Amino acid sequence: MDVISWLLDSDPAIRWQVMRDLSDAPPQAVATERARVAGDGWGARLLALQGDDGQWGGGLYSPKWISTTYTLLLLRHLGVDPDGGPVRAARDRLVEGGVVWRGGSLGAGGSGFFEYLGETCVTGMNLALGCYFGAGETNTAAVVEWVLDEQLDDGGWNCESHNGSVRSSFHTTISMLEALLEYERSGRAPSLAAQSAAARDRAHAYLLDRHLHRSLTTGESISPSWTRFSFPPRWWFDVLRGLDYLRDAEVAVDDRWGEALELLKRKRSKDGRWKLQNHHSGREHFRMEAPGEPSRWNTLRALQVQRWVASSQ
């Protein structure tokens with residue numbers, strides 16, 4: 001089948017990325033299609049579900065996956081234009097709604113949604129969201145400095161480091177990598193950008209030395225679920241999420257990519273598509289794809305990775 005045509009016969013959130021990365025459409029055409037994400041399809045549906053208090057799902061982090069945090073993470077995955085009018089309005093509604101974090105903040109009285117600093121994995125998510133949506137800029141430097149201090153000796157991060165853990169977690173590490181990349185691209189607190197890039201380089205080695213799913217000690221695969229591709233990833237790591245980040249960060253391809261790329265190749269169906277293999281259970285605003293069926297999201301991301309690798313050789 002014509003996989004590109006199949007991908008284009010979909011939601012604007014997928015179409016604009018296909019146009020940009022797989023069909024080399026003119027930049028203006030890509031921008032026009034991207035602008036449709038907030039007004040048509042999945043992106044518009046998510047924005048319309050925001051409550052009068054600025055939140056989604058009635059909470060900041062829970063209930064999963066309809067809370068404010070996970071809804072904004074999904075909008076970021078969709079690539080909604082953060083400068084578009086509907087998105088700015090939604091962001092301002094959240095900021096001005098007086099929603100605050102308790103027990104994880106820069107101030108004793110609690111912090112606004114984009115000012116969270118506390119649990120490592122949630123801090124990573126929130127840093128990425130603040131930088132992407134252009135909010136919470138005042139305390140970015142303080143958050144990034146804290147994140148850099150939290151990096152463990154093995155090169156990654158762990159959500160339980162405050163409880164004495166000295167071994168990194170793939171889940172927290174990928175969240176932090178995505179956050180630091182978003183921070184560097186935002187242009188905020190530029191004096192910390194070099195330190196952030198160096199921290200990401202160490203974390204790249206953490207992932208790649210373990211072939212994106214193996215224990216460095218035993219050589220065994222850490223979790224079978226990491227070789228089964230999901231979307232949205234929520235807070236979980238899997239091999240495709242790791243490859244997608246490395247592609248997005250333009251990390252140089254070397255031999256350590258080999259096993260993960262071979263896995264990606266094996267997972268491709270005979271018709272040229274990849275399936276939605278793993279689905280993280282929880283409440284959803286709506287379901288974009290059916291588990292076990294061909295996945296436009298996974299196919300898009302896999303082809304993006306393969307094209308990056310081909311262009312790097």
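Some points to look at:
- Subset of the stretch 42-65 (residues that are closer than 22 Å to R296 by Cβ, crowded, with 17+ Cβ neighbours inside 10 Å and touching a residue at least 60 places away in the same chain (Cβ under 8 Å)): W42, L46, W65
- In the stretch 21-30, residue farthest from D248 (Cα to Cα) [restricted to those that are in contact (Cβ under 8 Å) with a residue 12 or more places away in the chain and assigned to a helix (DSSP H, G or I)]: V30
- Residue within the stretch 224-244 that is acidic (D, E), in contact (Cβ under 8 Å) with a residue 40 or more places away in the chain and buried (at least 16 other Cβ atoms within 10 Å of the Cβ) present: yes
To keep it simple, each residue is scored yes or no on (1) of a type outside the set (D, E); (2) in contact with a Lys or Arg (Cβ under 9 Å, 6 or more places away or on another chain).
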site	(1), (2)
A35	yes, no
D52	no, yes
V80	yes, yes
R93	yes, no
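- Subset of the stretch 254-278 (residues that are in a loop (DSSP other than H, G, I, E, B), surrounded by fewer than 17 Cβ atoms within 10 Å (Cβ to Cβ) and not polar (S, T, N, Q)): D254, K270, D271, G272
- Which numbered condition R93 fails, given (1) closer than 30 Å to A31 by Cα; (2) touching a Leu at 6+ places or on another chain (Cβ under 8 Å); (3) not aliphatic (A, V, I, L, M): (2)
- Those helices (runs of 4 or more DSSP H) lying entirely in the stretch 66-158 with at least 2 residues more than 19 Å from the chain's Cα centre (by Cα) and free of Cβ contacts under 8 Å to residues at least 60 places away in the same chain: 85-96, 140-150
- Sub-6 Å Cβ pairs linking a first residue in the stretch 191-206 that is part of a helix (DSSP H, G or I) to a second residue that is of a type in the set (F, W, Y), at least 6 apart or interchain, number zero.
- Selection over the stretch 52-90 of residues that are of a type in the set (D, E, K, R) and under 22 Å from S175 (Cα atoms) gives a count of 3.
- From the list W146, W157, W226, the lone residue that is within 30 Å of R88 (Cα to Cα) and outside the structural domain of D81 (by TED's automatic domain parsing) is W146.
- Qualifying positions in the stretch 35-65 - outside any loop (DSSP other than H, G, I, E, B) and small (G, A, S): A35, A38, G43, A44, A48, G59
- Taking the stretch 196-209 as the range and being exposed (fewer than 14 other Cβ atoms within 10 Å of the Cβ) and under 16 Å from E150 (Cβ atoms) as the test, only A198 passes.
- The listed residue being part of a loop (DSSP other than H, G, I, E, B) and small (G, A, S), out of A290, A302: A290
- Sub-9 Å Cβ pairs linking a first residue in the stretch 245-274 that is more than 27 Å from A179 (Cβ to Cβ) to a second residue that is surrounded by fewer than 14 Cβ atoms within 10 Å (Cβ to Cβ), at least 6 apart or interchain, are D271/M1; G272/M1; G272/D2; R273/M1, ordered by first then second residue.
- Which listed residue is assigned by TED's automatic domain parsing to the domain that holds N298, of a type outside the set (G, A, S), farther than 26 Å from C131 by Cα and in contact with a strand residue (DSSP E or B) (Cβ under 8 Å, 6 or more places away or on another chain), from R167, R256, R214, R210: R214
The values are calculated or read from the model by the stated rules, or taken from the named source; none is laboratory data. Predicted model, so just to flag it, every value in this text is computed and none were measured. Every residue, glycine as well, gets a Cβ built from its backbone with ideal geometry; the counts of neighbours run over all protein chains shown.
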